[in-house]
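These notes concern the structure reproduced below.
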């Protein structure tokens, strides 16, 4: 299972890094946005599907370890995978595109954005009553809350939409990425502070009130029986 996801991440990382290097007219941050706004959700959806097929969810559902430990392990493993594109993008942006920015701050925002989108992916899976509904929920979230902020950052959506997008973790992360890479006061101070605090609030609230009480129940209901998913 991990090998399949590793191949997906590795192939996409190489393709995006190559496009970043050989298509300088395209904003390199667009590839970063796709990686941290969309890829974490896809990684979780893929891992759930493969684990269902391999019937490896039962040990997690009945083990003595806490939900926090399970989620921490899954998030950590996913973050390690996402370090592959981070390293490739950094090499291209610094040594090929000659961009100058704080790599440490960039990494912190990169990790924060990835974590909040992973948590959202977990929550969407928990609240979905079936795999088909879960797929629709993933697609809807990606289109509304991930793709739309990318369009906005590219100037394809009117300026006033930022007041609607402000609840989107992707939009808030985009604000921070631009502040770091562009290296000037692009946004107001309140928006920068808000962009840091709100994703953290999302992670804490969703973990406390959705993931912690319902994640193991979700694992049990996700286990397939005789080739079919048990949906309750």
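Region 5-27 and region 66-134 have Cα centres lying 16 Å from one another. Using the Cα gyration tensor of region 97-147, with a ≥ b ≥ c the square roots of its eigenvalues, what is the shape: rounded (a/c below 1.5), prolate (a/b larger than b/c) or oblate (neither)? Judged from the Cα gyration tensor, region 97-147 comes out prolate (a/c at least 1.5, a/b above b/c). Restricted to Cα atoms, region 2-224 shows a radius of gyration and a Dmax of 17.8, 52 angstrom.
Among 77, 168, the order by Cβ neighbours within 10 angstrom, fewest to most, reads 77, 168. I need to check one value: relative contact order of region 2-224, counting alpha carbon pairs closer than 8 Å and at least 6 residues apart, in percent. Across region 2-224, relative contact order equals 31 percent.
Throughout, read-outs are computed from the coordinates displayed, never taken from laboratory work. Since we're looking at a predicted model, the values are computed, not measured. Counting neighbours? That spans all protein chains shown, and the Cβs are built from the backbone with ideal geometry, glycine included.
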